[in-house]
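To start, the structure itself, in C-alpha cells.
The values are calculated or read from the model by the stated rules, or taken from the named source; none is laboratory data. Fair warning: this is a prediction, and the values are worked out from it, not measured in the lab. All Cβ positions, even for glycine, are placed from backbone atoms using ideal geometry, and neighbour counts span all protein chains on display. Please note that ligands, DNA and RNA were not included when accessible areas were found on the heavy atoms of the full protein model with its side chains. Shrake-Rupley method; radii C 1.70, N 1.55, O 1.52, S 1.80 Å.
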Amino acid sequence: MIALRDVFKRLGDRQILAGLSLNVPKGTNFVLMGPSGTGKSVTLKHVIGILKPDSGSVRVDGQEVPAMDHDQLMALRRRMGYLFQNGALINWLSVEDNVALPLKEHGRLPKGELQDRVMEVLRLVGMDHAAKQFPPSISGGMKLRAGLARALVTKPECVLYDEPNAGLDPIISQQIHELIKEVRDTLGVTGLIVTHSRACATICGDHIGILEHGKLAVEGTVDEMVHSEHPLAKAFLGGGAD
Ligand SMILES: Nc1ncnc2c1ncn2[C@@H]1O[C@H](COP(=O)(O)OP(=O)(O)OP(=O)(O)O)[C@@H](O)[C@H]1O
Ligand SMILES: [Mg+2]
C-alpha cells in the first residue's frame with residue numbers, strides 16, 4: 001500500500017533522509033520509531049506529498065506520489081487520514097465541526113448525511129457525548145480521539161499517525177492504542193504510526209522500523225524487534241523502555 005524506496009531528502013544544510021526504504025502492506029500497521037529529529041515526521045509528509053524527495057520513490061498503491069499533479073494529490077489525500085500530534089483541533093470550532101472539516105473540504109455531502117457520518121465516527125471513538133464541546137474545554141485524550149475521528153471521517157484506506165499518544169497518561173494511551181488496533185482490525189485501514197512508545201509499538205504494530213541516519217537501522221516484526229539485540233531496538237523496545 002505504502003512503499004518508499006531509497007528516498008533521499010535534504011532540508012536546509014542537513015541530509016535528513018538518506019536511502020530510506022520501507023514497505024507497509026495493505027491492512028497492516030507499520031511503526032516508525034527513532035531518536036528525535038531523525039526525520040519521522042518528514043517521512044510522513046513525503047507519503048501525503050507535502051514534501052518531495054530529492055531522489056527515490058514514494059508510492060501509494062503503486063502510484064508515484066511526487067509525480068502527482070494537484071488534483072491527483074487532492075484525490076490521494078481523500079484516501080488518507082492524518083492524525084496530528086495532540087489532535088491539532090481548531091479551537092473555535094466545536095468537536096463535531098472539527099470532525100466535519102475534511103468532508104467539507106473534499107466534497108459536497110448533503111447536510112443530513114454529513115451529520116450522520118460525523119456522529120457515526122464520533123461514536124466509534126467514544127466521543128459522541130462531546131460533539132458540541134469546544135477543544136479548549138476537553139482533555140488531551142479527548143482531543144486525540146476527536147483528531148482520530150477527523151482522520152477517519154472520510155473513510156480513508158490508510159491513516160498516518162504522528163505520535164498518537166504524546167503527553168497522555170498510560171490509561172488514556174492504552175485506550176488510544178486499542179482504538180488504533182481496532183481501526184486496523186475492523187475497518188481494515190493501513191497505518192503508518194510514528195511513536196516513541198514501546199506500548200504503542202507492541203500493541204498496534206505488525207512491523208517496526210527504527211530510523212537513524214536517514215534510513216532504517218533495524219526493522220522486523222514486533223516479536224523480532226522485542227527480542228532483537230540491536231542497541232536501538234533494545235533502547236526503544238527493551239525492558240527498560242516505556
Ligand atoms: N520544512 C523544513 N525545513 C527545514 N528543516 C526541516 C523542515 N522540516 C523538518 N526539518 C528538520 O528535519 C529534521 C527532522 O525533522 P522531523 O520533524 O521529521 O523529526 P522527527 O523524527 O519527527 O522528530 P521528533 O521525534 O522530535 O518529532 C529536524 O532537524 C527538523 O528541524
Ligand atoms: Mg516528529
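Of the residues contained in the range 51-72, none is found to be within 16 Å of ligand 2 (Cβ to nearest atom), touching a strand residue (DSSP E or B) at 6+ places or on another chain (Cβ under 6 Å) and open to solvent by 60 Å² or more (accessible area, probe 1.4 Å).
Within 16 Å of ligand 1 (Cβ to nearest atom) and either in a loop (DSSP other than H, G, I, E, B) or more than 17 Å from the chain's Cα centre (by Cα) (or both) - does that describe any residue in the range 78-100? Scanning the range 78-100, I find at least one residue that is within 16 Å of ligand 1 (Cβ to nearest atom) and either in a loop (DSSP other than H, G, I, E, B) or more than 17 Å from the chain's Cα centre (by Cα) (or both), so the answer is yes.
Among the residues of the range 81-100, those identified as surrounded by fewer than 17 Cβ atoms within 10 Å (Cβ to Cβ) and more than 16 Å from ligand 2 (Cβ to nearest atom) are Ile90, Asn91, Trp92, Leu93, Asp97. Tyr161 satisfies every condition listed in (1) out of contact with any Ser or Thr (no Cβ under 8 Å at 6 or more places or on another chain); (2) closer than 27 Å to Leu32 by Cα except (1).
Set side by side, the residues Leu32, Leu20, Leu44 differ, and just one is among the hydrophobic types (A, V, I, L, M, F, W, C), over 14 Å from Gly214 (Cβ atoms), in contact (Cβ under 8 Å) with a residue 60 or more places away in the chain and not in a loop (DSSP other than H, G, I, E, B), which is Leu44. On the basis of being open to solvent by 60 Å² or more (accessible area, probe 1.4 Å), part of a helix (DSSP H, G or I) and either aliphatic (A, V, I, L, M) or free of Cβ contacts under 8 Å to residues at least 24 places away in the same chain (or both), does Glu113 make the cut? Yes; evaluated as a whole, the condition is true for this residue.
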